Amino acid sequence: MTAKHQPLPIDFYHRPTLELAQALLGCLLVNETPEGLASGYIVETEAYMGAGDRAAHSYGNRRTKRTEVMFAEPGRVYTYVMHTHTLINVVSGATDVPEAVLIRALDPFEGLDLISARRAGRKRMEWTNGPGKLTEALGITREDYGRKFTELPLYIAPGVVPAEISTGPRIGIENTGEARFRPWRFWVTGNPYVSR
DNA sequence: CGAGCGATGTTCT
DNA sequence: GAACATCGCTCGT
């Protein structure tokens, strides 16, 4: 089986996390499952800066079954379940530096019928405009935990370079002191699928 | 259309 | 038993 798009090489992930969070904007997130291929352009990300970041799961180098993959080399898939939804991160930072980039929104590209079916009953604008929605749209589950973004079935490929990138505080991390004000959320300026 | 809030599953203490 | 990197209702404008 060969991928429809050429996955980005592992070198792409070897860079500072704040830089990677922006470099991921405009890239294609692709999932090729037995049901078919679905993909979208990444339009919103958040950086989680590891041991010193109170909002990160790996704050204080907290190492548990869940956070274990954050300590691995960059370019791995970190999925976890939040309430009833799966969220997906790109592991960043060198080995033993537990940083990650949360993918918060996509602009749907391929497999629109499949995405529509998975997001049954929702308007197109609500298919992928949030971290829990886009995983449902692409069929991403916690089974994807630990995979490599450089190979099938779940991978990231080159897309378009955004015209402009905006920056602001992260979302949904109210109880994390000063960390909640850090401008570590990035999005493609003006894209309608950005979560807010 | 915005704020408020209940449902929900998993992980960790 | 609490905490949550959410979502999709409801009810108010």
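The values are calculated or read from the model by the stated rules, or taken from the named source; none is laboratory data. It should be emphasised that the depicted structure is a prediction, and the values quoted were computed from it without experimental measurement. Positions of Cβ are backbone-derived with ideal geometry, glycine not excepted, and every protein chain shown enters the neighbour counts. The accessibility values were calculated without ligands, DNA or RNA, using every heavy atom of the protein model including side chains. Shrake-Rupley method; radii C 1.70, N 1.55, O 1.52, S 1.80 Å.
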Problem set entry | Separation of alpha-carbon centers, the range A:125-186 and the range A:1-40, rounded to whole Å | 12
Exercise. What are the residues whose amide H is under 5 Å from the amide H of A:Phe109, where those residues sit 5 or more places off or on another chain and H is modelled from the backbone?
Worked result: A:Ser39, A:Gly40, A:Tyr41
Exercise. When only C-alpha pairs under 8 Å and at least 6 residues apart count, what is the relative contact order of chain A, in percent?
Worked result: 28
Exercise. Taking all protein chains as present, what is the carbon and sulfur share of the accessible area of chain A, in % to the nearest whole number, probe 1.4 Å?
Worked result: 52
Problem set entry | Amide N of the range A:87-103 lying under 18 Å from the label point, which is placed 7 angstrom from the Cα of A:Arg63 along Cα→Cβ | A:91-100
Exercise. Can you tell which of A:Pro108, A:Pro169, A:Pro34 shows the greatest fluctuation in a Gaussian network model of chain A with Cα springs below 10 Å?
Worked result: A:Pro34
Seminar exercise, completed: the range A:49-92 scanned against label point 7 Å out from A:Glu178 along Cα→C-beta; backbone N under 20 Å for A:49-62
For this session: Pairs of lysines 8 or more apart, or on different chains, with alpha carbons under 27 Å: count those in chain A, would you?
Result: 6
Exercise. If you roll a 1.4 Å probe over the heavy atoms of the protein chains, what accessible area per residue do you get for the range A:10-188, in Å²?
Worked result: 44
Exercise. Relative to the present Cα-Cα distance, how much length would full extension add between A:Glu151 and A:Glu126 at 0.36 nm per residue of separation?
Worked result: 6.2 nm
Exercise. R0 = 25 Å: FRET efficiency of A:Ala3 with A:Val161, Cβ-based, nearest 0.05?
Worked result: 0.75
